[in-house]
Amino acid sequence: MSSGSTSDTAAGPRPAAGPLHRWVLPVKLPEPINPALIEHAEKRAEYAQNRIADKITAFAGSMAFVYLHVVWFACWIGFGVEKYPYGLLTMIVSLEAIFLSTFVMISQNRADAKRQTLADQQWKTVQEEKGQNLQLLDLSEQILALTKEVRASAAWRRPDEVP
């Protein structure tokens, strides 16, 4: 296999290494490996509105989004679509900011849901470990009691064995 090909690795397929991908296109995050997060992602993907919101926030949080706006503003001003003070452009950008702030909050809620999923799974693990630890303590106490009985029995028999 050549070094330039894409192959599936433990972290997923390697992205294309071209300059367009590195500098413009959004970086795809690796798929979760935690079973709780995988289940959470599957439940989230069941609804179209969640998938759409995820795509919008992924694009809005990328350099492609920034470059698109730089080109858009430059063309708007450069081609003289409207005269200064750019009232329509200001209104469009303000409306966009309202929607983007909503998507930022959606993204934060999604991140909080992921954190809660992980916290719930960790709590279950801690509770299982607590039960195992209690069982180990019980076994240790049983071993200690048996050890004391063996020592007491050995100490009781020792005087009889002396000639």
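Bear in mind these aren't lab numbers, they're just calculated from the coordinates by the rules spelled out. Computed from a predicted model, the values in this text were never measured in an experiment. Note that each Cβ is placed from the backbone with ideal geometry, even for glycine, and that neighbours are counted across all protein chains shown.
Could you check the stretch 66-94 and list, in sequence order, the residues that are of a type in the set (A, V, I, L, M) and touching a residue at least 40 places away in the same chain (Cβ under 8 Å)?
Selection gives nothing.
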Inset, instruction - Could you figure out which of (1) part of a loop (DSSP other than H, G, I, E, B); (2) loosely packed, with under 11 Cβ neighbours inside 10 Å isn't true of E82? - result: (2)
Inset, instruction - Go through S94, S153 for me and flag whichever is in a helix (DSSP H, G or I), farther than 30 Å from P35 by Cβ and under 36 Å from the mean Cα position of the chain (by Cα). - result: S94
Inset, instruction - Residue by residue through the stretch 30-68, note down the ones that are within 30 Å of T125 (Cα to Cα) and assigned to a loop (DSSP other than H, G, I, E, B). - result: P30, E31, P32, I33, N34, E46, Y47
Inset, instruction - Scan the stretch 76-126 for residues that are within 27 Å of R44 (Cβ to Cβ) and charged (D, E, K, R) and jot them down. - result: E96, R110, D112, K114, R115, D120, K124
Inset, instruction - Kindly establish whether G80 is more than 24 Å from P35 (Cβ to Cβ) and more than 27 Å from the chain's Cα centre (by Cα). - result: yes
